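Before any comments, here is the structure.
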Amino acid sequence: GESVGLHLPTLSVQEGDNSIINCAYSNSASDYFIWYKQESGKGPQFIIDIRSNMDKRQGQRVTVLLNKTVKHLSLQIAATQPGDSAVYFCAEVKGNTPLVFGKGTRLSVIA
Amino acid sequence: DAGVIQSPRHEVTEMGQEVTLRCKPISGHNSLFWYRQTMMRGLELLIYFNNNVPIDDSGMPEDRFSAKMPNASFSTLKIQPSEPRDSAVYFCASGGRISTDTQYFGPGTRLTVL
């Protein structure tokens, strides 16, 4: 079941390679940032977050990098697997307001 | 934990009919969010509640849309009358004590208005 747009930026990677998904944000006053993963037919799922006073945070097979100078956020996935195929959203958080989601990037893993 | 539960999972209706989407948040979560996802607009926040009180409904497209949260374990999103342009996937998400805490999404309701 489709639940995301067909005109998203798409990143195709070979299984086993590393993936880097990028996100530009606009609000320099954001408190923290979150990456979500949305598989086909499902709702978005939390992956990892990073506070605005950090530059890097690592999880299991994922690393998020934050460059506040150029307002850029990236999600790195090590040893990409077929199960990583999904749409990835970055979201900004500021104060007591809800998340602001980006448009998303589709990751396709080639077996 | 069953996670966020939404019903129905799929709804097909005719233009002009009333549609009611239901959501049961994760127990203990105080914030609840309704989103709409379409090809053209992506993921849009429609309305969110904190402690059962609507905080911001500025994302609700028009008066045909209404949402309620009568108690901490149940919320509805109603569209009356429905129109073909309302066709989308509607997600409910719940979060912790702070409105901006990590949100946990339900599986969504795919609505098709003919």
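The values are calculated or read from the model by the stated rules, or taken from the named source; none is laboratory data. Keep in mind it's a predicted model, so treat the numbers as computed, not measured. Methodologically, a virtual Cβ is constructed for each residue, glycine included, from the backbone with ideal geometry; neighbour enumeration extends over all protein chains shown. Note: accessible area is taken over every heavy atom of the protein model, side chains too, but ligands, DNA and RNA are not part of it. Shrake-Rupley method; radii C 1.70, N 1.55, O 1.52, S 1.80 Å.
Looking at the range B:7-19, can you tell me whether even one residue there is more than 22 Å from A:E92 (Cα to Cα), touching a residue at least 24 places away in the same chain (Cβ under 8 Å) and within 11 Å of the chain's Cα centre (by Cα)? Among the residues of the range B:7-19, at least one is more than 22 Å from A:E92 (Cα to Cα), touching a residue at least 24 places away in the same chain (Cβ under 8 Å) and within 11 Å of the chain's Cα centre (by Cα), which makes the answer yes.
Condition check ((1) of a type outside the set (D, E); (2) surrounded by fewer than 15 Cβ atoms within 10 Å (Cβ to Cβ)) across all residues:
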| position | (1), (2) |
| --- | --- |
| A:Y36 | yes, no |
| A:E39 | no, no |
| A:Q58 | yes, yes |
| A:L66 | yes, no |
| A:S74 | yes, no |
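Taking the range B:42-68 as the range and being part of a loop (DSSP other than H, G, I, E, B), away from every other protein chain (no Cβ under 14 Å) and open to solvent by 40 Å² or more (accessible area, probe 1.4 Å) as the test, the residues that pass are B:N52, B:P61, B:E62, B:D63. Just one of the numbered conditions (1) within 12 Å of chain B (Cβ to nearest Cβ); (2) of a type outside the set (K, R); (3) part of a strand (DSSP E or B) is not true of A:G95: (3). Looking across the range B:20-41 at every residue that is under 26 Å from A:C90 (Cα atoms), polar (S, T, N, Q) and assigned to a strand (DSSP E or B), the one that is most open to solvent (accessible area, probe 1.4 Å) is identified as B:T38. The set of residues in the range A:53-78 that are touching a Phe, Trp or Tyr at 6+ places or on another chain (Cβ under 7 Å) and in a loop (DSSP other than H, G, I, E, B) contains only A:K71. Restricted to the range A:42-52, and to residues there that are touching a Lys or Arg at 6+ places or on another chain (Cβ under 9 Å) and in a loop (DSSP other than H, G, I, E, B), the residue that is farthest from the other protein chains (Cβ to nearest Cβ) is A:S52.
Among the residues of the range B:95-114, the ones that are away from chain A (no Cβ under 11 Å) and either open to solvent by less than 50 Å² (accessible area, probe 1.4 Å) or at pLDDT 95 or above (or both) come to 5 in all. B:N71 meets all of the listed conditions (1) within 23 Å of B:Q17 (Cβ to Cβ); (2) in contact (Cβ under 8 Å) with a residue 12 or more places away in the chain; (3) away from every other protein chain (no Cβ under 12 Å) but one, namely (1).
Looking only at the range A:22-43, residues that are over 11 Å from the mean Cα position of the chain (by Cα) and at negative phi come to 12 in all. The residue list A:Y36, A:Y25, A:Y88, A:Y32 contains one member that is touching a Lys or Arg at 6+ places or on another chain (Cβ under 6 Å) and within 9 Å of another protein chain (Cβ to nearest Cβ), which is A:Y32.
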